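Everything on this sheet refers to the single structure shown next.
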Amino acid sequence: MNKQAFRQLLKRYLENTATEKEKQLVDFWFESLDLEQEKNAKQSDWELLENRLWDKIQLTTNEALPLKVIPLWQNKKFQTSIAASILFLVGCFIYFFNSQSANDSFFAQHAEGNRIEENTSEKIRQIRLEDGTLVKLYPKAKLTYPAHFSAEKREVSLVGNAFFEVAHNAQKPFFVLANEVVTKVLGTSFYIKAGKNAKVEVEVKTGKVSVSERKPTDIKNNGVILTPNQKVVYYTDDKHFVTGLVDKPELLASEKNLVSFDFKDTELKEVIEKLEKSYGIDIILENENIGNCNLTGNLDGMSMFEQMDVLSHSLGTTYQIKGTTILISGTGCEK
C-alpha cells in the first residue's frame, strides 16, 4: 500500500464512509501499534496523527535489528516488532485477498479511482456526483462511480433501485449499467429498478432515454427509446424488452400548474388532445365517432387513469393499454 491509498483509507474512516472490512483494518492498526487512545482525536489533529500512524507502520514493517548483539528471543523490542509485523501483514493479506474479486474491493475503489456507495439504511439516501447529477439511492441499493468522469462519457453502475436526475451535458452522455442493461441519457430524470431477480425496469419521468443490452444478442432488436411516463422491462432470461406505461403517469413539467381538466359540454376528441399534451402519451380512438361524444365534468385532482375511468364510465367506452399507447373502444356518438 502506498501513502496516497493509505491517506484515502483514513479519510473514509474519519468520515464514517469506510466499509466494514476497512474499519476493521484501521482499528487493527491503532490497536496493534499502541495508538488506540488517539483514534478519537479531533479532526484538526488527524493530519498529525495520520503521519504518526504511517511512520509507525513503516517502522514496524521495516525496522532493522539493534546493533547490540543479544539473543533474538530475549530482545523484547524485536519480539514485539515481529509480532506486530506478522499480525499487520496477515491482516493486510486477508483483507486484500478476500476482497480482490469484489466490486467494492480496495483496488477497485482506489487503484482505478472508483467509489462505492451502498445504502444500508431504511431511508432513501441522496448522492450528488461531481457533474451535479443527483442520485436517490433506495435501501439495499449500491452505486459504483468514478471519482472523476472521463472526457468522453459519464458512467456509473447500479445494483438495486435508484432515481436519477442527470445534469445535462450534450457533449458527455450519461450511462447507467444495471445487470445486463445499459441506459443512456443526456439530461433527464428516471427510475431504475435492478435487483437480483431476472428483470431490469426503467421508468422515465422527464426527458428521453435509450435502454439497450450491454452485450446485444440481437442487434436488430437491441433496445428501446423511452419518453416521459413510459417504462420498459428487460427480462434477463428471455433477453427481450417489453414497453408500457408507468403505474402513475405524471403531468409533464411544462404543463404543471397550467392545465385544467374542467370540461363543459366538450367533445371527447378535444379532451383526448388535452390529455395527450398533458401527459405525453398517445391516445387512439378505435372508432372516430367516439370523439363526437360530449363530456361535462371536472377531472382536476385525479390521476390519469382515474380520469380515464371517469371518461369510460360517463361515455360507455372502454380503454386498454397497448405498449406505450392507450386505445379507447366504443360505439361513439353521431354528429
Give, as residue ranges, the strands (runs of 3 or more DSSP E) completely inside segment 282-335 that count at least 2 residues that are within 18 Å of T266 (Cβ to Cβ). 282-285, 294-298
Can you name every residue in segment 197-209 that is farther than 15 Å from A162 by Cβ and touching a residue at least 12 places away in the same chain (Cβ under 8 Å)? A198, K199, T206, G207, K208
Looking at the structure I just gave you, is K184 among the basic types (K, R), assigned to a loop (DSSP other than H, G, I, E, B) and within 18 Å of the chain's Cα centre (by Cα)? no
When segment 120-164 is checked residue by residue, the ones that are outside any strand (DSSP E or B), more than 19 Å from K205 (Cα to Cα) and either in contact (Cβ under 8 Å) with a residue 40 or more places away in the chain or among the small types (G, A, S) (or both) are S121, D131, A141, A147, S150, A151
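Quick note: the coordinates plus some simple rules give every number you see, no bench work behind them. What you see is a predicted model, and the numbers here were worked out from it, not measured in a lab. When we count neighbours, we look across all protein chains shown, and the Cβ atoms used for this are built from the backbone with ideal geometry, even at glycine.
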